[in-house]
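Participant: The structure that follows is given in the form of structure tokens.
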Amino acid sequence: MKTITTTQELEAFCQAAAKTPYVTVDTEFLRERTYYSKLCLIQLAYRGDGENDAVLVDPLVDGLDLSPLYTLFEDAGVVKVFHAARQDLEIFYVDRQIIPHPLFDTQVAAMVCGFGEQVGYETLVRKIPKKSLDKTSRFTDWSRRPLTDAQKTYALADVTHLRDIYEYLNERLQRSGRSKWVSEELSTLTTPETYITDPDDAWMRIKTRTNSGKFLAIVRELARFREAYAQKNDIPRSRIMKDDAILELASTKPSDHKDLGRSRLLLREARKGEIADGILTAVKAGVNCPPEDMPKVADSNDKLKVNPALADLLRVLLKAKTAESDVAQKLIASANELDAIAAGQRDVAALRGWRKEVFGNDALRLCDGEIALTAKGEKVRIIEL
């Protein structure tokens, strides 16, 4: 198996791949000690007839320039195939602000083709090319060199079997006319905003049980400081302070270092120096936040006027329609979305695009009393009213 260590070798491979319909891509990375993923290995393959149609690229080698790969990523004539592409794409976007296109994600395609929800690569390898994967190198430090033959074999299998999986799923999508469905699903992955974390929005990811504007204002300022500090210093958020510490600080409102020292949940390293100063500044900003600038939590589903009987019927309808179309339920609508529809909301993803064709149209008819549901054996049928 070939490992590319020079820009010239990478350029030669990418030029060969550019003459083919698609290239499969995967990465190995570490993120335990950094904010941004540390790229440790890139796997690439295309459908060829030689030894060099599947390679490993070592980005840790001094002097290796990934520009030829990014040129290939921007080649509209070559489909870039990933499995569960989100984290891989983030790495490339952070490095060069490039999102490979056209893009194909076999995990998304497999959900559309009836393989279940968030189906794993190993499952697809077992079901499509009917192979097995050696998982002994699954949890390994990909930054250490040299890589063992076992590690290389494991890594390369992530793109060699992916060729068979892509060809099978793509042909099935073409035959069923569902390629457009996958394209719609990939719109999020191909949007740059997906890979940009704005410190101003970081507070929205913190789960809290209160709607107090003052409390949320402090949470917002603390989360903003943590996110910005983590990005600037490339360290994990949890190394600064965990979510439960943010909630504790928003409650206790420390005003000086002595108050910080009384915290039960704050890490020792965060009680002094630059982090401590940042925390105190953030708390002060939250405490002094004008009422009109305080954050507000969007109404949750438990505050919606949900018709529970209608919500249950929508769940039955969803199960029936997904069984009929052989599509994963999770891909069409979540439980919260069904509750929103039952409460009268119509700006819901399940009521747009291909989801509307499969489920949304009948969901609206059910809400409007135009259809009813009946069961016969294990099958649910729609009755026109």
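Participant: State all residues of segment 320-357 that are under 21 Å from the mean Cα position of the chain (by Cα) and assigned to a helix (DSSP H, G or I); if no residue qualifies, say none.
Facilitator: The answer is Q329, K330, L331, I332, A335, N336, E337, A349, A350, G353, W354, R355.
Participant: In segment 162-190, which residue that is of a type in the set (A, V, I, L, M) and part of a helix (DSSP H, G or I) is nearest to V55 (Cα to Cα)? Spell out how you get there, then give the answer.
Facilitator: Applying the first criterion (of a type in the set (A, V, I, L, M)) to segment 162-190 yields 162, 165, 169, 173, 182, 186, 189.
From the residues that got through so far, the ones that are part of a helix (DSSP H, G or I) too are 162, 165, 169, 173, 182.
Details: L162: 13, I165: 18, L169: 23, L173: 28, V182: 28 Å.
It comes out as L162.
Participant: Whether any residue in segment 365-375 is surrounded by fewer than 19 Cβ atoms within 10 Å (Cβ to Cβ), under 23 Å from V112 (Cα atoms) and either within 29 Å of the chain's Cα centre (by Cα) or of a type in the set (D, E) (or both) is what I want to check.
Facilitator: Checking segment 365-375: not a single residue is surrounded by fewer than 19 Cβ atoms within 10 Å (Cβ to Cβ), under 23 Å from V112 (Cα atoms) and either within 29 Å of the chain's Cα centre (by Cα) or of a type in the set (D, E) (or both).
Participant: Would a scan of segment 92-100 turn up a residue that is among the basic types (K, R) and within 30 Å of Q8 (Cβ to Cβ)? Even if it seems obvious, please write down each step before you answer.
Facilitator: Within segment 92-100, the subset among the basic types (K, R) is 96.
Still in the running and within 30 Å of Q8 (Cβ to Cβ): 96.
Yes: one or more hits.
Participant: Taking the stated definitions as given, is E32 in a helix (DSSP H, G or I), in the same structural domain as D149 (by the TED database) and of a type in the set (D, E)? Show your work before the answer.
Facilitator: Details: in a helix (DSSP H, G or I): no; in the same structural domain as D149 (by the TED database): yes; of a type in the set (D, E): yes.
Against the criterion (in a helix (DSSP H, G or I), in the same structural domain as D149 (by the TED database) and of a type in the set (D, E)), E32 does not qualify.
Participant: Would it be correct to say that L304 is hydrophobic (A, V, I, L, M, F, W, C), without any contact (Cβ under 8 Å) to a residue 40 or more places away in the chain and surrounded by fewer than 18 Cβ atoms within 10 Å (Cβ to Cβ)?
Facilitator: Working: hydrophobic (A, V, I, L, M, F, W, C): yes; without any contact (Cβ under 8 Å) to a residue 40 or more places away in the chain: no; surrounded by fewer than 18 Cβ atoms within 10 Å (Cβ to Cβ): yes.
Taking the combined requirement at face value, the residue does not satisfy it.
Participant: Quick one: is G360 outside the structural domain of V112 (by the TED database), among the small types (G, A, S) and either farther than 19 Å from R178 by Cα or not in a helix (DSSP H, G or I) (or both)? Working first, answer last.
Facilitator: Details: outside the structural domain of V112 (by the TED database): yes; among the small types (G, A, S): yes; either farther than 19 Å from R178 by Cα or not in a helix (DSSP H, G or I) (or both): no.
Spelling it out, it is not the case that G360 is outside the structural domain of V112 (by the TED database), among the small types (G, A, S) and either farther than 19 Å from R178 by Cα or not in a helix (DSSP H, G or I) (or both).
Participant: Can you work out which of the residues in segment 157-175 that are in contact (Cβ under 8 Å) with a residue 40 or more places away in the chain and farther than 13 Å from V125 by Cα is most open to solvent (accessible area, probe 1.4 Å)?
Facilitator: For segment 157-175, the residue satisfying everything is R172.
Participant: Looking at D243, D234, D259, can you tell me which residue is surrounded by 12 or more Cβ atoms within 10 Å (Cβ to Cβ), over 23 Å from R209 (Cα atoms) and of a type in the set (D, E)? Let's see the steps before the verdict.
Facilitator: Working: D243 fails: over 23 Å from R209 (Cα atoms); D234 fails: surrounded by 12 or more Cβ atoms within 10 Å (Cβ to Cβ).
D259 is the lone residue from the list that is surrounded by 12 or more Cβ atoms within 10 Å (Cβ to Cβ), over 23 Å from R209 (Cα atoms) and of a type in the set (D, E).
Participant: So A223 fits all but one of (1) more than 30 Å from A342 (Cβ to Cβ); (2) more than 28 Å from the chain's Cα centre (by Cα); (3) surrounded by 13 or more Cβ atoms within 10 Å (Cβ to Cβ); what number is the exception?
Facilitator: Going through the list (1) more than 30 Å from A342 (Cβ to Cβ); (2) more than 28 Å from the chain's Cα centre (by Cα); (3) surrounded by 13 or more Cβ atoms within 10 Å (Cβ to Cβ), A223 breaks only (2).
Participant: Let me ask something else. Looking at (1) at pLDDT below 95; (2) closer than 23 Å to L89 by Cα; (3) surrounded by fewer than 16 Cβ atoms within 10 Å (Cβ to Cβ), find the lone condition where K207 falls short.
Facilitator: (2)
Yes/no per residue for (1) under 22 Å from the mean Cα position of the chain (by Cα); (2) at pLDDT below 95:
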{"position": "R138", "(1), (2)": "yes, yes"}
{"position": "D149", "(1), (2)": "no, yes"}
{"position": "L169", "(1), (2)": "yes, no"}
{"position": "L173", "(1), (2)": "no, no"}
{"position": "S183", "(1), (2)": "yes, yes"}
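The values are calculated or read from the model by the stated rules, or taken from the named source; none is laboratory data. Everything numeric here is computed off the predicted structure, so don't read it as measured data. We place every Cβ from the backbone using ideal geometry, glycine too, and count neighbours over all the protein chains shown. Side chains included, ligands, DNA and RNA excluded: accessible areas come from the protein's heavy atoms. Shrake-Rupley method; radii C 1.70, N 1.55, O 1.52, S 1.80 Å.
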